[in-house]
Amino acid sequence: MSDINELSAVALGRKIKEKEVSVKEALDACFAAIDKKDEEVHAYITVDKDAAYKRAEDVQKKIDAGELKSPLAGVPAAIKDNMCTKDLKTTCASKILYNFVPTFTATAVENLENAGSIVLGKTNMDEFAMGSTTETSAFGVTRNPRNTAHVPGGSSGGSAAAVAADECAFALGSDTGGSIRQPAGYCGVVGMKPTYGTVSRYGLVAYGSSLDQIGPLAKSTEDIAVILEAIASHDKKDSTSLDRKDTDFTSALKEDVKGMKIGLPRDYFGDGLDPEVAAAVKKAAEDLKAAGAEVEEFDLKLVKYAIPAYYTIADAEASSNLERFDGIKYGYRTDNFTDLHDLYKKTRSEGFGPEVQRRIMLGSFVLSSGYYDAYYLKALKVKALIKQAFDEAFAKYDFILGPVAPTTAPELGKSLSDPMKMYLGDIYTISVNLAGLPGICLPCGKDKTGLPIGLQLIGDCFKEKTLIQAAYTYEKIRGTV
Amino acid sequence: MANVISDETIEYVGILSKLKLNEEQKEQAKKDLAQMLDYIDELGEVDTEGVEPMTHIHPEVNCFREDVVTNGDDHEAILKNAPEEKDSAFVVPRTFD
Amino acid sequence: MSKEYETVIGLEVHVELATKTKIFCGCSTAFGGAPNTHTCPVCTGMPGSLPVLNKQVVEYAMAVGLATNCEITRHCKFDRKNYFYPDNPQNYQISQLYLPICRNGYVEIETGKLSVNEKNAGKTESGEVKRKRVGIHEIHMEEDAGKLIHDEWGDCSLVDYNRSGVPLIEIVSEPDMRSAEEVIAYLEKLRMFVQYLGASDCKLEEGSMRADVNLSVREVGSEKFGTRTEMKNLNSFTSIQHAIAGERERQIDILESGGTVIQETRRWDDTKSESYAMRSKEDAQDYRYFPDPDLIPIDISDEWIEKVKASAPEFRPEKMERYKTEYGIPDYDIELITATKKTADIFEEATKLCGQPKKVSNWLMVETMRLLKEKNMDAEDIVFSPAHLADLINLVDKKVINNNTAKQVFEVMFENDTDPVKYVEENGLKQENDTGAIKGICEQVIADNPASVADYKGGKQKAIGFLVGQVMKQAKGKADPGTVNQLLKELLDQA
Ligand SMILES: [Mg+2]
Ligand SMILES: [Zn+2]
């Protein structure tokens, strides 16, 4: 038997239910892994052993009494540090929230806790989820457990690394432009961004509100389905939350892709794509074809415009969302100031890192008088056309298959020097957010240095089940990577 | 670079964003902003004639609450995180409105 | 002044809606309470919190829009207005810019009419009543800000978010008004509609109705508008009048001396009776409005509009018509009583209880109006209950007290809704209904005033008034003047 902390969430949950493993033992195993590895990996910003053990007792009692029957009962989870957790520090990896302790818990986390899952702590991320490497965190970088000279991806890099390093059974991340899928790809775990509105955003500290979605990072597609089923809910506290009747995602855990039509966008296999990545992804398509799916190449329009549209919209929203961090109600406040506006400016300049400041400035600019139409409205129109392009594609295909990122995980310190290049790395993930679509990323091989390669499947809105079924089938074909 | 950001513009962006930049940061910000705008300008190549700007992805409308009081007095928790508090209020530098 | 100038005025009127909860959270809108005791993560801008719209706000906004002849925007949205200020916890206000809920309406105003007091003072209409339409550009929904309290001791201000998130509608007029008189007529009309709808109590002094005045001047005959300024902090009709006069003069002075008016926001200082510019380099006044992604659009169906229309109360014109047929009181009374919903409500309720419409109306028109004016109060501030007014009328009818005593009792009742029956009892104000005793006083007065008696007998009917007065005085006001009059006549005619 493998170590407890190496088990998938579902496998661990089963052992807990069958009394082979106690909830305390599950925690012990995860904390042992954290103690052993996290000094180097630095997946976590905050670990709360006391609270976790206290809850474990409670959960164990409920399991023993037969009150908790969820497959996640007693299963330890890591939460990205941009989701509010009552009485547990929530920093968004920013100095400006270095001491912030929320008074309420995010709905998604609450849903997990209601299922009996236990929060171990809060994971590292790019500051306010702005970045693709987890290097913009104010509390230090996270390293890729597969090779600690490399980044784990981002912005949910801490969550992906915690899963990859077996420092938790699974984790929650958030995805605004690929922030779950890309780090999942870099760390060789499975990550899914559901359809916009499927998981409540209440308690998620906003980056780009029209794009943000919470989703799971885990060790298998089966785990993903179980976790997503637990966290999805129609939340009256989030006006953009949807009333979906089809969130029984585990019903899609079927080994069958026969007759499924898969589209391969030519634009996703063009310039800039690492040949090793291209080969592994194409091989995955071949595998699915061999299992009975139809695979066809096609032209997905407007791919290159997704990035400028995305950064315009996300940064505009971010500039407004981040206005509330002003040193008055919570978080960091500068020591010296002469008046109110000086207080605002110094607090924010000292509290936000360079990447966040860059995006706030761009966002403020594209919304400012005289530029709104040319930049912001234009981006919203391009977004409408991108959505249309996907609609056309999904009229033909059950899902779209492609890479999650142009390369495998870059080395630490190689990306930040050129922000533009970092932004270009998001090319395969961000249009999914613009169009509100579900997307899943799972490992499909390794490059010659042993770094994981991620395969991305993109579905039409509400087609998570198609993606889960295809990913589940592919995992069976692929075997262990 | 097609876009050039002037000193006045970066000053103005600093006011809008409430960020204080030193000279070096200003120069960097001017460069970064110009580079991003050049990139965003590519959107101009897309014909969006007659296209409705898409603010919301889903067609859902009308999410309401009933007019019923659900919250009690939570001021202690609310003020717990305040950098400075006095008489159950948040403290700010003296302001005249 | 060499040239003649015309004043061009548009108003932005903020009305605090009478909902139980805030616009985007379940916090109470009740007044009072220690700072921040009516707050939650949403209305204090906590990270991760999200707004959910109060349905009642939409219905009130629609109702006001329908009453003011607006088109209802069938697909409307909320936008964010971004600006940094501590009374605004998110540093953006959720408001509506691009698709406000109501557009293109108007109200009819009348000017040149005599005020109630002028009429009471005996003036008659000059016949120069002017009617005019003031256009309503739009009505939008938005959230109110918190309050800044200036700390007396420390060198700081304190922020209280109890009012943060209280729902407002902002009614934006077209620049259709030309004088303070028109502005006041417009505000009174708006207030009447909103109060009748129960959408707000619209108290200027308490800030539940706030008017910002946009004003420019131009030479008479000119088609082009001048540069306007926006005046804030006007919390009474008087300060609005003063501010309009002051700003008109200020702008004319600038133009006359060859200067140009700067478009700016100015704050009116009521104590100094002058305004000053609210400018700062740090207030860019570039609000970067964009659709709020946290709220989804509102679709308003025909059915919904019909429902809101159907639930609209009886407005003033219908009410006036009904009063005529149902109560048969004079037009003049009807006009006064229905001027506010508050007085109309008191009228109907008290009439129901005592069955004396004309007497209820008299109390409202004369004593109530007099005291309101004397105490500088609004009809909304009336505290006495219709039941107590009905009781008071009954006391007079049953001759328990006379009219003069009733007026004294009313003044007390007006202060704090004192029960008139108890008050009369406790203060021994019941009138002397023993005709024997009054007759004795009458005989005494006749004996003491031979000159007046002679005058009366000599044909001066008026002389009896003096004698009645003397009797009332001796009876300490507790006699019924009618009875006294009758008794005196009998005695004098007998003699
Ligand atoms: Mg406004
Ligand atoms: Zn609240």
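Find all pairs meeting these conditions: Cβ atoms under 7 angstrom apart; at least six residues apart or on different chains; first residue within region C:353-366 and open to solvent by less than 60 Å² (accessible area, probe 1.4 Å); second residue modelled with pLDDT under 95 and not in a helix (DSSP H, G or I).
C:Pro357/C:Ile329; C:Ser361/C:Ile329
From (1) open to solvent by less than 10 Å² (accessible area, probe 1.4 Å); (2) within 23 Å of A:Leu228 (Cβ to Cβ), pick out the condition that doesn't hold for A:Asp166.
(1)
If you check A:Ile307, A:Ile360, A:Ile328, which single one turns out to be of a type in the set (Val, Ile, Thr), surrounded by 21 or more Cβ atoms within 10 Å (Cβ to Cβ), touching a strand residue (DSSP E or B) at 6+ places or on another chain (Cβ under 7 Å) and farther than 18 Å from B:Thr55 by Cβ?
Checking each option against the conditions leaves just A:Ile328.
Somewhere in region A:95-106, is a residue among the hydrophobic types (A, V, I, L, M, F, W, C) and out of contact with any Phe, Trp or Tyr (no Cβ under 9 Å at 6 or more places or on another chain)?
Looking for residues that are among the hydrophobic types (A, V, I, L, M, F, W, C) and out of contact with any Phe, Trp or Tyr (no Cβ under 9 Å at 6 or more places or on another chain), one finds none in region A:95-106, hence no.
Within region A:447-481, track down each residue that is in contact with a Gly (Cβ under 8 Å, 6 or more places away or on another chain), open to solvent by 10 Å² or more (accessible area, probe 1.4 Å) and more than 14 Å from chain B (Cβ to nearest Cβ).
A:Thr466, A:Val481, listed by residue number.
Being surrounded by 20 or more Cβ atoms within 10 Å (Cβ to Cβ) and either free of Cβ contacts under 8 Å to residues at least 12 places away in the same chain or assigned to a loop (DSSP other than H, G, I, E, B) (or both) is the filter; apply it to region C:74-84 and report the residue that is nearest to the other protein chains (Cβ to nearest Cβ).
Filtering region C:74-84 for residues that are surrounded by 20 or more Cβ atoms within 10 Å (Cβ to Cβ) and either free of Cβ contacts under 8 Å to residues at least 12 places away in the same chain or assigned to a loop (DSSP other than H, G, I, E, B) (or both), the one nearest to the other protein chains (Cβ to nearest Cβ) comes out as C:Phe84.
So, of the residues in region A:86-139 that are more than 14 Å from chain B (Cβ to nearest Cβ) and acidic (Asp, Glu), which turns out to be farthest from A:Asp175 (Cα to Cα)?
For region A:86-139, the residue satisfying everything is A:Glu113.
Could you run through region C:160-199 and say how many residues are within 14 Å of another protein chain (Cβ to nearest Cβ), within 16 Å of ligand 1 (Cβ to nearest atom) and not charged (D, E, K, R)?
4
Please determine whether any residue of region C:28-44 is part of a loop (DSSP other than H, G, I, E, B), under 22 Å from C:Gln96 (Cα atoms), away from ligand 2 (no atom under 16 Å from the Cβ) and of a type outside the set (Gly, Ala, Ser).
Looking for residues that are part of a loop (DSSP other than H, G, I, E, B), under 22 Å from C:Gln96 (Cα atoms), away from ligand 2 (no atom under 16 Å from the Cβ) and of a type outside the set (Gly, Ala, Ser), one finds none in region C:28-44, hence no.
Looking at C:Ala387, C:Ala454, C:Ala406 in this structure, which one is aliphatic (A, V, I, L, M), in the same structural domain as C:Leu371 (by TED's automatic domain parsing) and open to solvent by 20 Å² or more (accessible area, probe 1.4 Å)?
None of the other options fit; the residue is C:Ala387.
Those residues that are more than 16 Å from ligand 2 (Cβ to nearest atom) and touching a Leu at 6+ places or on another chain (Cβ under 8 Å), I need them from region C:69-100; list them, please.
Within region C:69-100, C:Ile72, C:Thr73, C:His75, C:Cys76, C:Lys77, C:Phe78, C:Asp79, C:Lys81, C:Asn82, C:Pro86 qualify.
Okay, residues lined up against (1) of a type in the set (S, T, N, Q); (2) part of a loop (DSSP other than H, G, I, E, B):
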position	(1), (2)
C:Val58	no, no
C:Asn69	yes, yes
C:Asp87	no, yes
C:Gln90	yes, yes
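Would you mention how many residues in region B:19-53 are in a helix (DSSP H, G or I) and open to solvent by less than 80 Å² (accessible area, probe 1.4 Å)?
So the answer is 16.
For region C:2-34, what are the residues that are farther than 27 Å from C:His137 by Cβ and more than 12 Å from chain B (Cβ to nearest Cβ)?
Passing the criteria: C:Ser2, C:Lys3, C:Glu4, C:Phe31, C:Gly32.
Looking for whichever is of a type outside the set (Val, Ile, Thr) and under 22 Å from the mean Cα position of the chain (by Cα) here; the options are A:Asp315, A:Asp287. Which one fits?
Residue meeting the stated conditions: A:Asp315.
Looking only at region B:54-97, count every residue that is exposed (fewer than 14 other Cβ atoms within 10 Å of the Cβ), of a type in the set (A, V, I, L, M, F, W, C) and at pLDDT 95 or above and tell me the total.
1
Do we have any residue at all in region C:55-65 that's at the interface with another protein chain (Cβ under 7 Å from one of its Cβ atoms) and open to solvent by less than 20 Å² (accessible area, probe 1.4 Å)?
Checked region C:55-65: no residue is at the interface with another protein chain (Cβ under 7 Å from one of its Cβ atoms) and open to solvent by less than 20 Å² (accessible area, probe 1.4 Å).
Can you pull out the residues in region A:95-123 that are among the aromatic types (Phe, Trp, Tyr) and open to solvent by less than 30 Å² (accessible area, probe 1.4 Å)?
The answer is A:Phe100, A:Phe104.
Determine which single condition C:Ser275 fails, assuming it passes every other condition in (1) part of a loop (DSSP other than H, G, I, E, B); (2) surrounded by 15 or more Cβ atoms within 10 Å (Cβ to Cβ).
(1)
Just checking, which of C:Pro51, C:Pro41, C:Pro89 is within 12 Å of chain B (Cβ to nearest Cβ) and within 15 Å of C:Met141 (Cβ to Cβ)?
Result: C:Pro51 is the single residue among C:Pro51, C:Pro41, C:Pro89 that is within 12 Å of chain B (Cβ to nearest Cβ) and within 15 Å of C:Met141 (Cβ to Cβ).
The values are calculated or read from the model by the stated rules, or taken from the named source; none is laboratory data. Computed from a predicted model, the values in this text were never measured in an experiment. Methodologically, a virtual Cβ is constructed for each residue, glycine included, from the backbone with ideal geometry; neighbour enumeration extends over all protein chains shown. Just the protein is used for accessible areas: all its heavy atoms, side chains included, with ligands, DNA and RNA removed. Shrake-Rupley method; radii C 1.70, N 1.55, O 1.52, S 1.80 Å.
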